[in-house]
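Structure first, commentary second.
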2 protein chains.
Amino acid sequence: MKRFATLLLAGLCCAVFAQAGYAQAAGDFKPATTNVWGAEYPRVDSQGRVQLRVKAADATKVRINFWSNPKADMEKQADGFWTYTTPPMVPGLHYYNFVVDGAEVSDTGSQSFFGGSKYASAVEVPEPGSTYYSIQDVPHGQVRDVWYNSKVTGSWRHAMVYLPPTYETQTKQRFPVLYLQHGGGEDETGWIRQGRANVILDNLLAEGKCKPMIIVMAYGYAKRAGQPAPAVSGPPTSPDRARAMQEMFSAFEDDLTQALIPFVDKTYRTLPTRENRAMAGLSMGGMQTFQITTKHLDLFSYIGGFSGVGGGMGGGPVDLKTAFGGAMSDAAAFNKKVRLVWVGIGTKEPERMYQGVNNFHKTLDSGGIKHIYYESPGTDHEWQTWRRSLKEFAPRLFR
Amino acid sequence: MKRFATLLLAGLCCAVFAQAGYAQAAGDFKPATTNVWGAEYPRVDSQGRVQLRVKAADATKVRINFWSNPKADMEKQADGFWTYTTPPMVPGLHYYNFVVDGAEVSDTGSQSFFGGSKYASAVEVPEPGSTYYSIQDVPHGQVRDVWYNSKVTGSWRHAMVYLPPTYETQTKQRFPVLYLQHGGGEDETGWIRQGRANVILDNLLAEGKCKPMIIVMAYGYAKRAGQPAPAVSGPPTSPDRARAMQEMFSAFEDDLTQALIPFVDKTYRTLPTRENRAMAGLSMGGMQTFQITTKHLDLFSYIGGFSGVGGGMGGGPVDLKTAFGGAMSDAAAFNKKVRLVWVGIGTKEPERMYQGVNNFHKTLDSGGIKHIYYESPGTDHEWQTWRRSLKEFAPRLFR
């Protein structure tokens with residue numbers, strides 16, 4: 001008890017302002033904007049280099065693990081800290097952890113973001129000259145935490161809802177809705193915390209570049225009421241695993257279409273028609289988007305896949321005659337019914353992902369399906385690709 | 001890149017459902033409600049025992065560190081996991097981390113909550129028969145994430161705002177406001193994520209036990225625009241440190257009274273009078289509450305301190321003639337002006353904290369200051385004390 005009292009008083013009085021003063025390499029390093037209050041590390045310089053440190057006095061080996069790079073050994077200092085400075089990194093938010101004697105360790109200096117199915121550290125490397133995802137002195141929409149009761153899953157589910165600034169001021173107006181999904185291993189908070197979707201929309205709206213819209217961000221994992229979670233196991237290519245994933249996707253599809261959409265249309269001043277409803281998602285969320293929207297064209301008329309599209313991420317061929325229950329088999333009819341198909345990918349994404357999306361784009365082309373194809377220059381399978389995707393995608397909605 | 005693709009596909013397809021099947025002690029252990037999707041550990045049984053495990057194949061020593069208990073050694077298993085089962089724990093949310101060869105490690109199976117100035121793991125031990133902080137099938141208010149531009153701090157600041165269910169339906173009605181503060185080392189998300197303030201209010205409202213109110217949860221740390229963060233350093237008892245803390249408190253006071261309150265009154269349908277404004281906080285937030293409200297009795301008429309009150313947490317004597325700028329020196333005048341003073345403490349809190357609050361209660365008594373004193377049976381300086389405090393405090397507001 002006493003120990004805790006001391007700890008807490010210390011937390012009150014000093015953990016607030018971390019003591020800096022660690023020897024640093026040359027450069028104009030500053031604490032990352034993603035750090036917790038007062039933490040001096042990680043630090044980022046104007047070249048995009050990142051300095052990290054972690055205390056592990058008794059460890060024999062400590063490695064830094066940026067998820068988009070090979071692991072690297074950190075260097076032990078005399079004071080029990082291990083340090084590392086990266087080469088310049090591409091702008092954006094980069095997940096990482098330390099590996100201390102074989103254990104995955106979060107960085108206590110960093111905020112944690114839900115990614116890779118766990119709370120993970122991440123460092124923001126600024127993009128010089130980019131303000132579209134920075135908070136500005138413009139009218140701000142509000143993000144709401146909501147809980148809805150889903151009969152499909154038999155549980156209360158949490159979602160995030162962005163309402164544009166004019167939602168509060170134009171109280172007679174009704175608004176179109178974009179359903180915007182996170183990726184595999186992430187959750188419904190990702191588009192706000194990592195993606196800054198609300199800030200991007202506020203800024204687009206202030207510049208008159210997009211229509212005011214509601215954005216609904218749901219939790220993309222689901223299991224059916226009273227059922228066990230689908231037993232996903234076996235190697236990635238196994239049919240059993242694919243079947244279990246489909247079970248999970250199917251439960252989410254029903255949750256979205258039977259529970260969440262009715263809840264949103266009942267709770268907010270929406271325009272509850274297919275012409276005013278869009279869906280998009282990143283990675284796994286993009287796959288879910290294509291599966292769900294093509295099956296429910298009565299509900300959606302705008303479709304976006306950010307680094308994740310039809311046919312999964314493996315890059316396998318898609319036969320538009322049979323894919324999506326044949327929804328695209330008659331290109332002319334599909335083009336008439338669907339107002340936008342949008343697919344995007346980062347040029348530095350893993351080859352398999354890049355090819356998967358690029359091949360899908362080519363398949364759409366050869367099948368005569370009208371669509372927009374976007375490449376984000378220099379970015380990986382990370383949030384900078386998806387922030388840019390949203391910035392490109394949103395202005396094309398509800399026109 | 002390839003590595004990342006594999007990692008991500010694995011994340012997509014299998015991290016979703018963690019593989020359980022770890023040998024377990026006898027008992028009816030179930031995954032904690034605070035776990036991330038699919039994580040089987042930590043597990044809690046009906047006696048409140050918690051089973052933990054962490055993989056650290058190459059480590060030589062791994063300890064479990066529940067913040068309210070002494071550290072304990074974990075036991076290495078043949079498969080590279082280290083395991084530990086606690087004795088029965090008091091109900092509530094318990095912060096913890098692992099210590100792997102001297103490094104503090106979060107549990108990847110647990111959600112992370114901001115506490116102790118970092119993102120920390122925590123496990124929820126249910127309170128048998130308690131439903132007041134469980135989500136129920138009752139009307140739900142909504143929690144909003146808001147950002148306001150503070151001239152005091154020269155920055156955009158994030159706050160959480162709970163609006164009661166009737167805010168949406170009774171669109172002509174205006175509502176009283178409770179400003180509710182987190183503790184040292186926590187942030188504005190604590191009262192929702194750890195404290196479940198919104199759920200507690202929804203449930204109280206559904207039972208007709210409290211008045212509909214708006215709750216505003218601000219970030220309690222602040223520094224003045226253009227100034228460095230107050231340099232808090234030196235031993236806990238040093239006057240310099242105390243002065244730096246006061247600087248920080250003072251910046252927060254101005255931010256709250258000059259930026260946040262005007263923002264809230266402009267943005268929401270509030271009743272913007274002192275009779276309809278309350279402030280409360282836990283631990284450091286309780287100290288801030290007493291400092292700020294007594295100085296601004298033109299703004300507030302309800303005051304709550306949960307495990308943190310006037311005079312700090314050290315339990316030192318408070319002289320009501322001089323404390324709070326003399327606001328309580330004339331008890332009759334103070335009692336007439338202030339509608340509620342409420343102080344609470346958990347009976348199992350560290351002695352120093354318990355005595356600090358209990359002595360303050362006695363000082364109020366002997367000084368003739370009317371107040372409510374509450375003790376939470378069996379709970380420590382942890383969230384269960386503060387959830388109970390809110391449940392006791394909120395029904396007394398705005399009567």
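Considering B:Tyr221, B:Tyr268, the condition of being touching a helix residue (DSSP H, G or I) at 6+ places or on another chain (Cβ under 9 Å) and free of Cβ contacts under 8 Å to residues at least 60 places away in the same chain is satisfied by B:Tyr221 alone. Of (1) within 7 Å of chain B (Cβ to nearest Cβ); (2) modelled with pLDDT under 80; (3) surrounded by fewer than 19 Cβ atoms within 10 Å (Cβ to Cβ), A:Ala23 satisfies all except one. Which? The number of the failed condition is (1).
All of (1) crowded, with 20+ Cβ neighbours inside 10 Å; (2) out of contact with any His (no Cβ under 7 Å at 6 or more places or on another chain) hold for A:Asp79 with one exception: (1).
So, in the range B:350-399, of the ones that are touching a Gly at 6+ places or on another chain (Cβ under 7 Å) and small (Gly, Ala, Ser), which residue ends up farthest from B:Asn335 (Cα to Cα)? It comes out as B:Ser376. Screening A:Pro377 on (1) closer than 16 Å to A:Met279 by Cα; (2) open to solvent by 40 Å² or more (accessible area, probe 1.4 Å) shows it passes everything except condition (1).
Residues are listed down the side, and each one gets a yes or a no for (1) more than 25 Å from B:Gln111 (Cα to Cα); (2) basic (Lys, Arg):
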| site | (1), (2) |
| --- | --- |
| A:Arg63 | no, yes |
| A:Phe66 | no, no |
| A:Tyr84 | yes, no |
| A:Tyr95 | no, no |
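Of the residues making up the range A:120-137, those that are in contact with a Pro (Cβ under 8 Å, 6 or more places away or on another chain) and open to solvent by 10 Å² or more (accessible area, probe 1.4 Å) number 4.
Before we move on, is B:Arg144 basic (Lys, Arg), touching a residue at least 40 places away in the same chain (Cβ under 8 Å) and not in a loop (DSSP other than H, G, I, E, B)? No, not satisfied.
Here A:Thr237, A:Thr257 are screened, and the one residue that is assigned to a loop (DSSP other than H, G, I, E, B), more than 20 Å from the chain's Cα centre (by Cα) and of a type in the set (Ser, Thr, Tyr) is A:Thr237. Residue check, B:Asn69 against (1) open to solvent by less than 20 Å² (accessible area, probe 1.4 Å); (2) under 20 Å from B:His381 (Cα atoms), all met but one. Which one? Among (1) open to solvent by less than 20 Å² (accessible area, probe 1.4 Å); (2) under 20 Å from B:His381 (Cα atoms), B:Asn69 violates only (1). Inspection of the range A:247-254 finds a residue satisfying the criterion of being open to solvent by less than 10 Å² (accessible area, probe 1.4 Å) and under 17 Å from A:Leu180 (Cβ atoms). In the range A:316-323 there is no residue matching the filter, namely being of a type in the set (A, V, I, L, M, F, W, C), part of a helix (DSSP H, G or I), over 24 Å from A:Arg193 (Cα atoms) and open to solvent by less than 10 Å² (accessible area, probe 1.4 Å). Return the residue satisfying two criteria in turn: it lies in the range B:260-269 and is open to solvent by less than 20 Å² (accessible area, probe 1.4 Å) and within 14 Å of chain A (Cβ to nearest Cβ), and of such residues it is farthest from the chain's Cα centre (by Cα). Filtering first and then ranking leaves B:Tyr268. Would you pick out the residues in the range B:56-100 that are β-branched (Val, Ile, Thr) and assigned to a loop (DSSP other than H, G, I, E, B)? Across the range B:56-100, the qualifying residues are B:Thr60, B:Thr86, B:Val90.
Across the range A:101-119, which residue is farthest from the other protein chains (Cβ to nearest Cβ) among those that are assigned to a loop (DSSP other than H, G, I, E, B) and surrounded by fewer than 23 Cβ atoms within 10 Å (Cβ to Cβ)?
So the first thing to find is which residues in the range A:101-119 are assigned to a loop (DSSP other than H, G, I, E, B), and the list is A:101-102, A:106-109, A:111, A:116-117.
Then drop every residue that is not surrounded by fewer than 23 Cβ atoms within 10 Å (Cβ to Cβ), which leaves A:102, A:116.
Values: A:Gly102: 4, A:Gly116: 5 Å.
Only one residue tops the list, namely A:Gly116.
For the range B:120-139, residues that are at negative phi and more than 12 Å from every other protein chain (Cβ to nearest Cβ) total 10.
Out of all the residues in the range A:278-291, which are over 21 Å from A:Pro165 (Cβ atoms) and open to solvent by less than 50 Å² (accessible area, probe 1.4 Å)? Within the range A:278-291, A:Met279, A:Ala280, A:Gly281, A:Leu282, A:Ser283, A:Met284, A:Gly285, A:Gly286, A:Met287, A:Gln288, A:Thr289, A:Phe290 meet the criteria.
Going by what's in this entry, would A:Lys61 be described as under 27 Å from B:His158 (Cβ atoms), among the basic types (Lys, Arg), open to solvent by 10 Å² or more (accessible area, probe 1.4 Å) and within 10 Å of chain B (Cβ to nearest Cβ)? The answer is no for A:Lys61. Restricting the first member to the range B:333-345 and to residues that are over 16 Å from B:Met279 (Cβ atoms), and the second to residues that are among the basic types (Lys, Arg) and not in a strand (DSSP E or B), the beta-carbon pairs closer than 9 Å and six or more apart or on different chains are B:Asn335/B:Lys370.
Considering B:Tyr167, B:Tyr96, the condition of being closer than 29 Å to A:Trp156 by Cβ and without any contact (Cβ under 8 Å) to a residue 60 or more places away in the chain is satisfied by B:Tyr96 alone. Within the range B:82-100, restricting attention to residues that are among the aliphatic types (A, V, I, L, M) and within 11 Å of another protein chain (Cβ to nearest Cβ), the residue that is least open to solvent (accessible area, probe 1.4 Å) is B:Val100.
Do the conditions hold for A:Ala225, that is, is it under 30 Å from B:Val146 (Cβ atoms), surrounded by fewer than 18 Cβ atoms within 10 Å (Cβ to Cβ) and of a type in the set (A, V, I, L, M, F, W, C)? No: the conditions fail for A:Ala225.
B:Glu168 passes every criterion in (1) more than 21 Å from B:Leu271 (Cα to Cα); (2) modelled with pLDDT under 95; (3) touching a helix residue (DSSP H, G or I) at 6+ places or on another chain (Cβ under 9 Å) apart from (1).
Of everything listed in (1) closer than 27 Å to A:Lys172 by Cα; (2) more than 7 Å from chain A (Cβ to nearest Cβ), the single unmet condition for B:Gln142 is (2). Condition first: closer than 22 Å to A:Ser301 by Cα, more than 9 Å from the chain's Cα centre (by Cα) and either of a type in the set (Asp, Glu) or within 13 Å of chain B (Cβ to nearest Cβ) (or both). Can you find one or more residues in the range A:168-190 that meet it? Taking every residue of the range A:168-190 in turn, none turns out to be closer than 22 Å to A:Ser301 by Cα, more than 9 Å from the chain's Cα centre (by Cα) and either of a type in the set (Asp, Glu) or within 13 Å of chain B (Cβ to nearest Cβ) (or both).
Out of the residues in the range B:193-222 that are open to solvent by 20 Å² or more (accessible area, probe 1.4 Å) and in a loop (DSSP other than H, G, I, E, B), state the one that is nearest to B:Met284 (Cα to Cα).
For the range B:193-222, the residue satisfying everything is B:Tyr219.
Scanning the range B:109-126 turns up no residue that is in contact (Cβ under 8 Å) with a residue 12 or more places away in the chain, in contact with a strand residue (DSSP E or B) (Cβ under 7 Å, 6 or more places away or on another chain) and closer than 25 Å to B:Tyr302 by Cβ. Residues in the range A:357-399 that are within 14 Å of chain B (Cβ to nearest Cβ) and either over 19 Å from the mean Cα position of the chain (by Cα) or outside any helix (DSSP H, G or I) (or both): A:Gly378, A:Thr379, A:Asp380, A:His381, A:Glu382.
All conditions in (1) open to solvent by 40 Å² or more (accessible area, probe 1.4 Å); (2) under 22 Å from A:Gly368 (Cβ atoms) hold for A:Gly310, with the sole exception of (1).
The values are calculated or read from the model by the stated rules, or taken from the named source; none is laboratory data. Keep in mind it's a predicted model, so treat the numbers as computed, not measured. Positions of Cβ are generated from backbone atoms using ideal geometry, with glycine treated the same way; all protein chains shown enter the neighbour counts. Heavy atoms of the whole protein, side chains included, go into the accessibility calculation; ligands, DNA and RNA do not. Shrake-Rupley method; radii C 1.70, N 1.55, O 1.52, S 1.80 Å.
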